[in-house]
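Q: Quick one: the structure is below, questions incoming.
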Ligand SMILES: [Zn+2]
């Protein structure tokens with residue numbers, strides 16, 4: 001299996017079924033999954049990036065009203081900093097049950113910078129689903145994909161995968177790194193899981209998207 005660099009990252013990518021837009025307004029690649037009944041925002045950048053976020057969605061013709069849920073690939077500060085503000089704007093929080101204990105991990109980090117005026121996420125308002133429930137949940141929104149647990153980066157890390165389509169893997173370490181590790185079983189297990197969906201495209205949070213040719 002060969003990974004090729006792909007230069008269209010950031011552009012609208014029209015796969016047969018999963019349609020998504022890459023939104024980059026800081027240091028993290030975030031993704032908006034277009035559904036028939038409202039879309040899902042996968043990750044946000046750091047706290048304090050809301051003005052840049054608004055600019056980015058506007059550039060892509062997306063409004064806050066189009067965003068039904070926000071889902072973090074994991075609760076590190078550069079993946080979820082806008083969630084509480086988006087919730088105040090009416091966006092729902094989609095939480096995977098394995099993430100419940102990690103939601104407040106970044107609170108202390110953000111609190112060190114009072115200029116951020118960070119408000120902790122109120123997870124009591126979240127819609128909580130398990131990975132096994134995710135496929136039907138996403139399908140109901142008109143999104144052909146599902147959530148799988150890929151905990152090698154952090155215990156709460158998830159990936160959004162589409163069979164023979166697009167995979168958003170968050171901070172999962174790139175596949176090529178596997179050869180550099182002697183015994184990284186956790187990373188290998190995660191990649192085995194992702195690759196079992198035979199994805200055509202891997203979208204990383206901090207690297208260029210890669211297309212896969214078999
Ligand atoms: Zn991370």
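Q: Could you list all residues from segment 166-187 that are closer than 21 Å to residue 99 by Cα and outside any loop (DSSP other than H, G, I, E, B)?
A: Scanning segment 166-187 gives 167, 168, 169, 170, 186, 187.
Q: Within segment 93-119, track down each residue that is crowded, with 17+ Cβ neighbours inside 10 Å and away from the ligand (no atom under 16 Å from the Cβ).
A: The answer is 93, 94, 95, 118.
Q: Here's something else I'd like to know. Does residue 101 satisfy the condition of being in contact (Cβ under 8 Å) with a residue 24 or more places away in the chain and on the phi > 0 side of the Ramachandran plot?
A: No; evaluated as a whole, the condition is false for this residue.
Q: Now for a different question. So, in segment 56-92, how many residues would count as being in contact with a helix residue (DSSP H, G or I) (Cβ under 6 Å, 6 or more places away or on another chain) and more than 16 Å from the ligand (Cβ to nearest atom)?
A: 3
Q: May I pose another question? Sort through 48, 90, 81, 61 and tell me the only one that's out of contact with any strand residue (DSSP E or B) (no Cβ under 6 Å at 6 or more places or on another chain) and crowded, with 21+ Cβ neighbours inside 10 Å.
A: 81
Q: Taking the criterion of being in a helix (DSSP H, G or I) and touching a residue at least 40 places away in the same chain (Cβ under 8 Å), would at least one residue in segment 60-82 satisfy it?
A: Yes, segment 60-82 has at least one match.
Okay, residues lined up against (1) over 14 Å from the mean Cα position of the chain (by Cα); (2) at pLDDT 95 or above; (3) closer than 27 Å to residue 125 by Cα:
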{"position": "6", "(1), (2), (3)": "yes, no, no"}
{"position": "39", "(1), (2), (3)": "no, yes, yes"}
{"position": "48", "(1), (2), (3)": "yes, yes, yes"}
{"position": "59", "(1), (2), (3)": "yes, yes, no"}
{"position": "67", "(1), (2), (3)": "no, yes, yes"}
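Q: Related question: Looking at (1) in contact with a helix residue (DSSP H, G or I) (Cβ under 8 Å, 6 or more places away or on another chain); (2) under 16 Å from residue 48 (Cβ atoms), which one does residue 117 not meet, given that it meets all the others?
A: The single condition residue 117 does not satisfy is (1).
Yes/no matrix, rows are residues, columns are (1) part of a strand (DSSP E or B); (2) surrounded by fewer than 22 Cβ atoms within 10 Å (Cβ to Cβ); (3) within 16 Å of the ligand (Cβ to nearest atom); (4) in contact (Cβ under 8 Å) with a residue 40 or more places away in the chain:
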position	(1), (2), (3), (4)
128	yes, yes, no, no
135	no, yes, no, no
139	no, yes, no, no
155	no, yes, yes, yes
164	no, yes, no, no
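Q: If you don't mind, there's one more thing I want to ask. How many residues does segment 141-153 hold that are assigned to a loop (DSSP other than H, G, I, E, B) and touching a helix residue (DSSP H, G or I) at 6+ places or on another chain (Cβ under 6 Å)?
A: 3
The values are calculated or read from the model by the stated rules, or taken from the named source; none is laboratory data. Note that the structure is a prediction, hence the values are computed from the model and not measured. With ideal geometry, Cβ positions are generated from the backbone for all residues, glycine too; neighbour counts draw on all protein chains shown.
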